[in-house]
Structure formats: structure tokens, C-alpha cells
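The values are calculated or read from the model by the stated rules, or taken from the named source; none is laboratory data. Treat the numbers as computed from the prediction; the structure is a model and nothing was measured. When we count neighbours, we look across all protein chains shown, and the Cβ atoms used for this are built from the backbone with ideal geometry, even at glycine. Surface accessibility is based on the protein's heavy atoms, side chains included, excluding ligands, DNA and RNA. Shrake-Rupley method; radii C 1.70, N 1.55, O 1.52, S 1.80 Å.
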Amino acid sequence: MSTSEWVREPLHPDYGQSLKVEEVLYDSNTDHQRLRVIRNDRFGRILTLDDVVQTTEGDNFIYHEMLTHVPILAHGAAERVLIIGGGDGGMAREVLKHASVKHVTMVEIDAGVVEFSKGFLPELSQGAFDDPRLNLVINDGALFMKETADKFDVIIVDSTDPIGPGEVLFTDTFYGHAKRALTEGGILVTQNGVPFMQGDELTNTMRAFQALFADATCYMATIPTYAGGPMAFGWGTDGDARHVTVEELQTRFAAAKLTPDYYTPEVHKGAFALPGYVLKLMP
Ligand code: SAM
């Protein structure tokens, strides 16, 4: 691909972002999907799977901080964390910053994503794959969820969109198995798309969560390269972790000694305040 070319993301039939390609660092098919790593002057190195932006060096911090620090600090005593997907290693990077977390299981379907992210996107994982607390499992997350007897305090679904291998991770069956794998007061959070563009995705997940959890809602953050507006993160738990006070979050945040570029206790609490068009997507 010449350096004057642009890649257009095919996620939506009538809207999409284009990213200028300064350099193609990798472009090939794994056993499951087309994997590309390109470089763009504004966002740095970018991982795409089947031409859909997965993560970028430039803005991944927003997504990874909000899908980890929100449930872990809200829980307050999370020791065992499960990540479904997350092959680039960014989610594991942020989870492992919590000294209170003793064990992380990461179930990624595509070994190619892990291997190529280690090599071409080391800034994403920043050594997470070498952390002794991390147990990397190459498997379909839906199968793992169905078969595991393990229990987790926080389960994070960091999957692709519900197309291709990611589709099974947006089903009632999968959510039911995830619920069974949560400890008392455990929290399930999910990458749930950009509601302005993918409203059905959120409605479907919330319908399943309402049937499973006492507290079923979502929270939001805007990640520039997840085009079309703020992204929703599904939130399901039978506990009252969502109602932790901002003062308690400030105490936990200080004790965790994190230095995030997006997360703050105030942003955490504010992220659950949903705009009207998102509330209308709730079943
Ligand atoms: N942040 C991205 C997003 O919001 O779309 C997700 C990034 S991460 C690279 C997505 C990962 O989910 C990929 O590595 C993909 O291989 C993995 N994945 C997709 N379907 C899966 C499945 N059924 N089980 C486990 N991992 C899966």
C-alpha cells in the first residue's frame, strides 16, 4: 500500500472513518481474521482486524483505563480477573497495574493477535504478557466461559464487534455462563459498541443483563477511533458496587497509586450518567 493511501473502516454501511496510512507494518491473515498493523501520524501504530480499528497507540488509554479501573476500583477487593479477548495486551496492562489483583486469566481466540501485538505493538502490552500473574489461554471465550469452574471478581469482555469470532460473545448464553463464573458481588463489564451507530448491540446486551443481574446498566467514554460518538460499556452485577461514593473511590484510587491519563474518580461516577438517546435504548 503506497503511503498516500487511506484505509476506510467498513463497520457501518453509511458512515465511516478513514485513516491515512503512513506505513504498513504488517498485513496478513491469521487463522481467524485479517490482521493489519498500520502507522498513522496522529494515532501512531494501529491494529485492525478485518479492517476494523481495534486499538491505537494514541487513544487506547481511554478504553483500557475505563474498562479496568471502573470495575476494579468499584469492587474494592478484586483479586481474580478474567479478560475475554484483549489480544493486544492493553487490557492486561491496565489490570496488572492493580497490586491487589493476584491472578489474571486472559482468553484470546487468536494466537496471531497476541504474537503480532507483542512484536508490532509493544507499547500496548508494555510487558504484561511477561507478568507472572497472567495466565494466557488461547481458546474461544464462549467455550471457556461454558466450561470453566473458576470464579472471578471482575470479568472484562474486550472483544471485537459482534461479527465473525466475536459474535458468540454477545449472546444470552455467554452472559449466563459469565454470571455463573462471578464471585459474590462480582462485576461483568463489556465492550458494547458506539450506541449512536450500534444501538441494537446495547439494547440486546441490556436485555440479557436485566434478566441476569440486579444492577444492569452501562457507562460511557469517548474514544476517538471508535467512530460515531461515545462508546458504551455494559455493566452487570448483583452487588452495589456502582453506588460506591466518589470519596471512597478517591481513597481507593490514591491507595492504588495509578497514574492514568483518562480515569479519575469523578469521571468514573460521571460515566454512569447516561444521555437521553442511550436511556431510550434500554429495554
Ligand atoms: N478494543 C477493541 C474493540 O473495542 O473492538 C477490541 C480489541 S481486542 C484486539 C479484540 C480481541 O477479541 C481480538 O484479539 C480478537 O481475536 C478477540 N476475539 C474475538 N472473538 C473472540 C472469541 N470468541 N473468544 C476470544 N477472543 C475473541
Options V113, V154; residue that is touching a strand residue (DSSP E or B) at 6+ places or on another chain (Cβ under 9 Å), modelled with pLDDT of 95 or more and closer than 28 Å to G58 by Cα: V154
The stretch 88-103, subset part of a loop (DSSP other than H, G, I, E, B) and away from the ligand (no atom under 16 Å from the Cβ), residue surrounded by the fewest Cβ atoms within 10 Å (Cβ to Cβ): A99
Of the residues in the stretch 31-54, those that are within 12 Å of the ligand (Cβ to nearest atom) and at positive phi number 1
Look at the stretch 160-192 and say how many of its residues are modelled with pLDDT under 95, part of a loop (DSSP other than H, G, I, E, B) and of a type outside the set (V, I, T). 2
Tell me, please, whether a residue that is within 20 Å of H75 (Cα to Cα) and of a type in the set (D, E) can be found in the stretch 158-173. yes
Would the stretch 104-112 turn up any residue that is open to solvent by 80 Å² or more (accessible area, probe 1.4 Å) and assigned to a helix (DSSP H, G or I)? no
Hits in the stretch 160-175 (condition: near the ligand (Cβ under 10 Å from one of its atoms), without any contact (Cβ under 8 Å) to a residue 40 or more places away in the chain and open to solvent by 50 Å² or more (accessible area, probe 1.4 Å)): E167, V168
Answer from D14, D27 - the residue that is open to solvent by 40 Å² or more (accessible area, probe 1.4 Å), touching a residue at least 24 places away in the same chain (Cβ under 8 Å) and farther than 21 Å from Q191 by Cα: D27
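Residue-wise test of (1) more than 26 Å from D238 (Cβ to Cβ); (2) at pLDDT 95 or above; (3) touching a Leu at 6+ places or on another chain (Cβ under 7 Å); (4) within 11 Å of the ligand (Cβ to nearest atom).
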site	(1), (2), (3), (4)
G58	yes, yes, no, no
T68	no, yes, no, no
G76	no, yes, no, no
E79	no, yes, no, no
I84	no, yes, yes, yes
K118	yes, no, no, no
Q126	yes, yes, no, no
L136	yes, yes, no, no
M145	no, yes, no, yes
Give I72, I109 a once-over and let me know the one that is more than 22 Å from G229 (Cβ to Cβ) and in contact with a Pro (Cβ under 6 Å, 6 or more places away or on another chain). I109
Give the number of residues within the stretch 122-159 that are assigned to a helix (DSSP H, G or I) and open to solvent by less than 40 Å² (accessible area, probe 1.4 Å). 8
Working only within the stretch 37-55, note down all residues that are in contact (Cβ under 8 Å) with a residue 24 or more places away in the chain and in a strand (DSSP E or B). V37, I38, G44, R45, I46, L47, T48, L49, V52, V53, Q54, T55
Let me confirm something: among T205, T259, T217, which residue is in a loop (DSSP other than H, G, I, E, B), among the polar types (S, T, N, Q) and within 30 Å of G58 (Cβ to Cβ)? T259
Every residue from the stretch 176-191 that is hydroxyl-bearing (S, T, Y) and surrounded by 24 or more Cβ atoms within 10 Å (Cβ to Cβ): T190
Determine which member of the set Q250, Q198, Q210 is modelled with pLDDT under 95, of a type outside the set (D, E, K, R) and either open to solvent by less than 10 Å² (accessible area, probe 1.4 Å) or in the same structural domain as T148 (by TED's automatic domain parsing) (or both). Q198
Would a scan of the stretch 227-234 turn up a residue that is open to solvent by 10 Å² or more (accessible area, probe 1.4 Å) and over 20 Å from Y63 (Cα atoms)? no
